[in-house]
Amino acid sequence: MTIKCIVIDDEPLAIRLLENHIAKIAELKLLAIATNALEAYRILQKQDVDLLFLDVQMPDLNGIEFLRSLNKKPPTIFTTAHREFAVEGFELEAVDYLLKPITFERFLNL
């Protein structure tokens, strides 16, 4: 079964790291990358997505606010350097909460 995912993050290094990790997992298919919430909204309007990799700290609308704003919330894995948002993330039924930098070993434990 293929899991269609998107990465929503404003940090180029974090995006590259996630792209590399996703590429190593045959079951994951990266559909798109968004660097802000507005881009992510556009992608979600056009594509069926099975999984979001979502950064918390982003310009304009943070990841927590973005996820709250969605009527239909795809399963979400938060990716962030900030531990303090973990409780809020899990209150939004996050699948996981990965702290940056994300090692491949930790990524495999999803």
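The values are calculated or read from the model by the stated rules, or taken from the named source; none is laboratory data. The structure displayed is predicted, hence computed values, not measured ones. With ideal geometry, Cβ positions are generated from the backbone for all residues, glycine too; neighbour counts draw on all protein chains shown.
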**Prompt:** So which of I77, I102, I43 is touching a helix residue (DSSP H, G or I) at 6+ places or on another chain (Cβ under 7 Å), under 21 Å from K4 (Cα atoms) and at pLDDT 90 or above?
**Reply:** I102
**Request:** Having 1 or more residues that are surrounded by 18 or more Cβ atoms within 10 Å (Cβ to Cβ), on the phi < 0 side of the Ramachandran plot and in contact (Cβ under 8 Å) with a residue 40 or more places away in the chain is the bar; report the helices (runs of 4 or more DSSP H) wholly within region 12-110 that clear it.
**Result:** 12-23, 63-69, 104-108
